[in-house]
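Worksheet for the structure shown next.
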Amino acid sequence: MRNRGGIPFVKASACGNDFLLIAAVEKPGDFELVEISRRLCHRHNGVGADGVEWMSPHASADVEIRLINADGSEAEISGNGTRCVAAYVCETQGKEKITIQTGAGLKRCSLTGRKESEYEFEVDMGGADAGPELALTVAGGEVRGMPVSIGNPHFVMFVNEFADGWQAQAAKIQGTAEFREHGVNVELVAVESKHNVRVRFFERGVGETLSSGTGSCASAVAAITAGRAVSPVRVHAPGGVQTVRQEGNQVFLRGTARLVCRGEFFPS
């Protein structure tokens, strides 16, 4: 994993959702992986990121990735992180059709555009499972939302506006008995039109993020399932816009990823 005492990395961002991409030259143990990921992601004493995508060779894919969040917890997949890795593979290997093995299965990424260090991909995210509306009791009252799985768990709430303090409410939802064991990503969705929604994201292991790939998929799928939107859906977030289209149960995510910089982290 280390090279001359340091850890080489590439920093990438997908709509403001930032990741460190690291080639695991040697497989680190779980404890080391958690601790070094926390330190790397620290915004003041590290490089700063929402998570680390640890990359390693795979027999039947272009690359295998393991995602460790900023707090050291492991996640099955990040749609934005996967797209960042696809940009890295495209830049280093020149490939435009890229297969990535994630904790949520094999994902296929197709390059749809490029401008300097920014790449646009459409990713086949696989199937989505939207459940019936779920009522939760949290401090301050009852909240209702739709559980959605897109390879990782989400709870989508429809709102008219994003009220002050919504982050605290989202954190309380994550702490309910229903989600305590595996955690959950929380999305607040304001439907603007049949093809446009505004979203805020509160993710496991990170907190509020400027964007989320799987969160965008879950939000669009929930809106379509509830009859509030029609595919394709443009998901507007503070970090930018992503487009989600649904064909049957299959979900496709389109958006950009930008390679920001290269560097080396020196653990003390």
With a Förster distance of 22 angstrom and the Cβ-Cβ distance between GLU247 and LYS194, calculated FRET efficiency to the nearest 0.05 equals 0.80
Using a basic spin-label model with each label point 7 Å from the Cα along Cα→Cβ, how many nm lie between GLU116 and SER268?
-> 3.6
Okay, helix-only estimate at 222 nm for the chain: each DSSP H run of n ≥ 4 adds -39500 (n - 2.57), divide by all residues, round to 500 deg cm²/dmol; what do you get?
-> -5500 deg cm²/dmol
Accessible surface of the chain, 1.4 Å probe, proportion on carbon and sulfur as whole % = 47
In nm, what is the difference between 0.36 nm times the number of residues separating VAL260 and ALA24 and their Cα-Cα distance?
-> 83.0 nm
So what is the accessible area of the chain per residue, in Å², with the probe set to 1.4 Å?
-> 44
Taking GluC sites (Glu not before Pro) as exposed when in a DSSP loop with at most 10 other Cβ atoms inside 10 Å, the chain has its longest clean stretch at 27-115
Distance histogram in 10 Å bins (all Cα pairs of the chain, percent per bin) | 7, 32, 36, 20, 5, 0
Rounded to a whole number, the Stokes-Einstein D of segment 106-148 in µm²/s (Kirkwood radius over Cα pairs; 37 °C; 0.692 mPa s) is 235
In what sequence, largest accessible area first, do SER212, SER268 appear using a 1.4 Å probe?
-> SER268, SER212
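Report the full-extension gain for the segment PHE162 to GLU91: residue separation times 0.36 nm, less the Cα-Cα distance, to one decimal in nm.
Extra length available between PHE162 and GLU91 comes to 21.8 nm.
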The whole-number value in µm²/s of the Stokes-Einstein translational diffusion coefficient for segment 1-148, with Rh from the Kirkwood sum over alpha carbon pairs at 25 °C and 0.890 mPa s, is 147
Note down the nm distance, to one decimal, between modelled labels 7 Å out along Cα→Cβ at SER60 and at ALA139.
-> 4.8
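The values are calculated or read from the model by the stated rules, or taken from the named source; none is laboratory data. Bear in mind the structure is a predicted one, so any value in this text is a computation, not a measurement. Because the Cβ atoms are built from the backbone with ideal geometry, glycine has one as well, and the counts that use them run over all protein chains shown. We work out accessible area using only protein heavy atoms, side chains counted, and drop any ligands, DNA or RNA first. Shrake-Rupley method; radii C 1.70, N 1.55, O 1.52, S 1.80 Å.
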